[in-house]
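The values are calculated or read from the model by the stated rules, or taken from the named source; none is laboratory data. It should be emphasised that the depicted structure is a prediction, and the values quoted were computed from it without experimental measurement. In this analysis, Cβ positions are derived from the backbone assuming ideal geometry, glycine residues included, and neighbour counts consider all displayed protein chains. We work out accessible area using only protein heavy atoms, side chains counted, and drop any ligands, DNA or RNA first. Shrake-Rupley method; radii C 1.70, N 1.55, O 1.52, S 1.80 Å.
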Amino acid sequence: KKGHYDHFMQKEIHEQPHSLTTTMRGRLKDHGVLLGGLKEHMKTIRHSRRIVLIGCGTSYNAALAVRPFLEELSSIPVTMELASDLLDRQGPIYREDTAVFVSQSGETADTLLALDYALENGAMCVGITNTVGSTLARKTHCGVHVNAGCEIGVASTKAYTSQIVAMAMMALAIGDDRISTKARRESIIYGLSDLPNKVREVLKLDSEMKALAESLIDAQSLLVFGRGYNYATALEGALKVKEVALMHSEGMLAGEMKHGPLALVDETLPIIVIATHDACFSKQQSVIQQLHARKGRLIVMCSKGASSSVCPSEFCRAIEVPQVIDCLQPVVNIIPLQLLAYHLTVLRGFDVDQPRNLAKSVTTQ
Ligand code: UD1
Ligand code: M6R
C-alpha cells in the first residue's frame with residue numbers, strides 16, 4: 001500500500017496535490033463554493049454571534065490557520081479552543097454560537113466530549129472530519145467531509161492541508177452573501193483551484209529539506225517563528241518535528257519574541273523564521289534582523305526569488321517557496337516543514353509511522 005515509498009508519512013506528504021484535489025472536487029464553482037453538508041444550516045450559521053473552532057493537536061492548528069480569514073469573510077468573531085482546555089474550564093458556549101469541531105479521525109475523546117458539552121449548551125455544532133461514519137460526523141448537526149483519503153501515518157500531514165482547504169471553503173460559503181468581499185472571495189477561489197499545482201512545485205524541495213535535516217541532525221532544539229496567517233504553520237511545523245523526529249521544538253508567535261524567547265538565542269540554536277510575502281512581511285524582516293544581531297542560527301522561509309533580500313548574511317539558510325494568495329500560503333508553507341520532520345526522523349533512526357508513545361487516534365482522555 002506504500003507503493004514506491006518507504007513510509008506512509010512520506011507517501012502522504014507527496015500525495016497532497018491529489019488529496020487537495022479530492023477535497024475540492026465538485027465543491028469549487030467559478031463564483032462560489034458548494035458545500036452540500038452546510039447548505040441547509042447556512043442561515044443559522046450566518047446569524048450566530050460567534051464561531052468557536054475546537055480541536056486537538058494538528059486539527060487545532062488547521063483551525064488556527066483558517067481563523068484570520070474566517071473572521072475576515074464572515075465578519076463574525078471567531079475564537080479558538082483546545083478541546084481539553086474547554087472541558088477543563090467548562091468554558092462558556094451559548095445557543096447563539098456555532099461550534100466547529102475539527103478532527104481527522106472523528107473519534108478523538110476530548111473533541112467528542114467537547115461536542116457533547118456544546119450540544120448540551122444548545123450551540124449549532126458543525127463537524128470537519130476526514131472519516132465518513134465517525135462519531136463526530138454522526139453527532140454533529142451538519143458538517144463537511146474533508147475527503148483527503150485514509151491517513152495511516154500517526155503524524156497528520158495530508159489531512160492538515162485538506163482540513164485547511166475544507167474550512168477555507170466553509171469560510172467562503174459563510175461569507176457568500178456579502179458584496180463587499182466578492183473580489184477577495186473570487187481571488188481565493190482562483191487560489192484554491194491552482195493550489196495543487198503550487199503544492200506539486202513546493203514538493204520539489206524534498207532533497208533540499210533532506211540536506212537541511214542533515215545539518216540539523218544533532219541539534220538539541222528547533223524554534224519556529226511565525227505570525228498572522230502563518231502562526232499556525234509555526235505551531236504545526238514544530239509539532240511535526242517533536243512528534244516524529246523526537247527533537248525538542250517549539251512554534252512561537254513572532255510578536256512574542258521579545259517577551260522571553262529572545263533570551264534563548266545563541267549561535268547554536270537553529271531558528272526557522274517564516275517570512276513569506278504578506279501584510280506581516282516587514283515585521284518578520286525586523287524579527288530576522290534582531291535574531292541576526294544576536295547571532296542566531298537562522299533559516300528563513302521566504303517567497304520564491306526573495307532570499308537575497310531577506311537573508312541578512314551568507315550564513316542564513318533560505319527555503320524559497322512558491323507564493324500563493326496570502327490566506328492560502330499556510331498550505332504551501334507547511335510542506336517543507338513536513339519534509340524536514342520526515343527526513344530528520346529517518347536520519348535520526350526513529351520510527352516514522354509509529355512514533356513512540358503515540359496513537360493515531362486518541363480515544364482516551
Ligand atoms: C455528498 C456525498 C458525496 C456525493 C455528494 C454529491 C457522502 C458522505 N457524501 O457530499 O458522496 O458525491 O454529496 O452531491 O455521502 N456531516 C455532518 N458532520 C460532519 C461531516 C458531515 O453532519 O462532521 C453531514 C453533512 O452535513 C451532510 C453529510 O454529512 O449532510 C455529507 O457531508 P459531505 O460528504 O461533506 O457532503 P457533500 O460534499 O455534499
Ligand atoms: O483525529 P484528530 O484530528 O482528532 O486527532 C487530533 C490529534 O490527536 C492529532 O492531530 C495529533 O496531534 C497528530 N498525531 C498530529 O500529527
Are there any helices (runs of 4 or more DSSP H) wholly within region 254-360 with 2 or more residues that are within 16 Å of ligand 2 (Cβ to nearest atom) and open to solvent by 50 Å² or more (accessible area, probe 1.4 Å), and if so which? none
Could you grab the pairs with beta carbons closer than 8 Å, sequence gap of 6+ or different chains, first residue in region 122-136 and open to solvent by 10 Å² or more (accessible area, probe 1.4 Å), second one within 9 Å of ligand 1 (Cβ to nearest atom) and in a loop (DSSP other than H, G, I, E, B)? Met124/His141; Asn130/Gly106; Asn130/Val146; Asn130/Asn147; Thr131/Gly106; Thr135/Gly106
For Val165, only one of the following conditions fails: (1) open to solvent by less than 10 Å² (accessible area, probe 1.4 Å); (2) part of a loop (DSSP other than H, G, I, E, B); (3) within 14 Å of Val102 (Cα to Cα). What is its number? (2)
Would you check if Glu214 is more than 16 Å from ligand 1 (Cβ to nearest atom), among the charged types (D, E, K, R), open to solvent by 60 Å² or more (accessible area, probe 1.4 Å) and out of contact with any Phe, Trp or Tyr (no Cβ under 6 Å at 6 or more places or on another chain)? yes
Glu208: at pLDDT 95 or above, under 21 Å from Ile274 (Cβ atoms), more than 16 Å from ligand 1 (Cβ to nearest atom) and open to solvent by 60 Å² or more (accessible area, probe 1.4 Å), yes or no? yes
Out of region 319-348, which residues are more than 21 Å from the chain's Cα centre (by Cα) and more than 12 Å from Val241 (Cβ to Cβ)? Val346, Leu347
Which numbered condition trips up Gly191, out of (1) modelled with pLDDT of 95 or more; (2) among the small types (Gly, Ala, Ser); (3) within 16 Å of ligand 2 (Cβ to nearest atom)? (3)
Within region 101-157, how many residues are modelled with pLDDT of 95 or more, more than 10 Å from ligand 1 (Cβ to nearest atom) and under 17 Å from the mean Cα position of the chain (by Cα)? 7
Taking Gln10 as the residue in question, decide whether it is in contact (Cβ under 8 Å) with a residue 40 or more places away in the chain, open to solvent by 20 Å² or more (accessible area, probe 1.4 Å) and within 15 Å of ligand 2 (Cβ to nearest atom). yes
Out of Arg185, Arg178, Arg227, I need the residue that is farther than 23 Å from His343 by Cα, more than 21 Å from the chain's Cα centre (by Cα), basic (Lys, Arg) and open to solvent by 10 Å² or more (accessible area, probe 1.4 Å). Which one? Arg178
Restricting to region 238-253, name every residue that is open to solvent by less than 10 Å² (accessible area, probe 1.4 Å), hydrophobic (A, V, I, L, M, F, W, C) and in a helix (DSSP H, G or I). Ala238, Val241, Val244, Ala245
How many residues are of a type in the set (A, V, I, L, M) and away from ligand 2 (no atom under 13 Å from the Cβ) when one looks only at region 129-151? 2
Among all residue pairs at least 6 apart or on different chains, which show Cβ distances below 8 Å where the first residue, located in region 14-42, is in a loop (DSSP other than H, G, I, E, B) and the second is away from ligand 2 (no atom under 16 Å from the Cβ) and of a type in the set (D, E, K, R)? His31/Glu186; Leu34/Arg27; Leu35/Arg27
If a residue must be of a type in the set (Gly, Ala, Ser), within 14 Å of ligand 2 (Cβ to nearest atom) and in contact (Cβ under 8 Å) with a residue 40 or more places away in the chain, how many such residues does region 57-102 contain? 6
